[in-house]
């Protein structure tokens, strides 16, 4: 590798490292914000007597209406949101 190529390599490596670190930090903060919003929504709905099934139906409708193409990443996020709803709602009482 020439000195110029080596210099360009390290410059690009530094740039991509910086971008990935920034994006990772932002993504983590966004995920925490989303989790807090889901928690708040489920807490309010549970206090109103809304069943977990009704909450999940509403959340699934919101996810479907988002209009985004289905990808494994968005499927994973949807599954995480549903898991949060279940977690925050707490145990379902058996009749």
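When 8, 45 are checked against the criterion of being in a helix (DSSP H, G or I), farther than 20 Å from residue 74 by Cα and in contact with a helix residue (DSSP H, G or I) (Cβ under 9 Å, 6 or more places away or on another chain), a single residue qualifies: 45. Considering (1) touching a helix residue (DSSP H, G or I) at 6+ places or on another chain (Cβ under 9 Å); (2) part of a helix (DSSP H, G or I); (3) modelled with pLDDT of 90 or more, the lone condition that residue 14 does not fulfil carries the number (1).
The values are calculated or read from the model by the stated rules, or taken from the named source; none is laboratory data. Given the structure is predicted, the values throughout are model-derived calculations rather than measurements. Cβ sites come from the backbone with ideal geometry, for glycine too, and all protein chains shown count toward neighbours.
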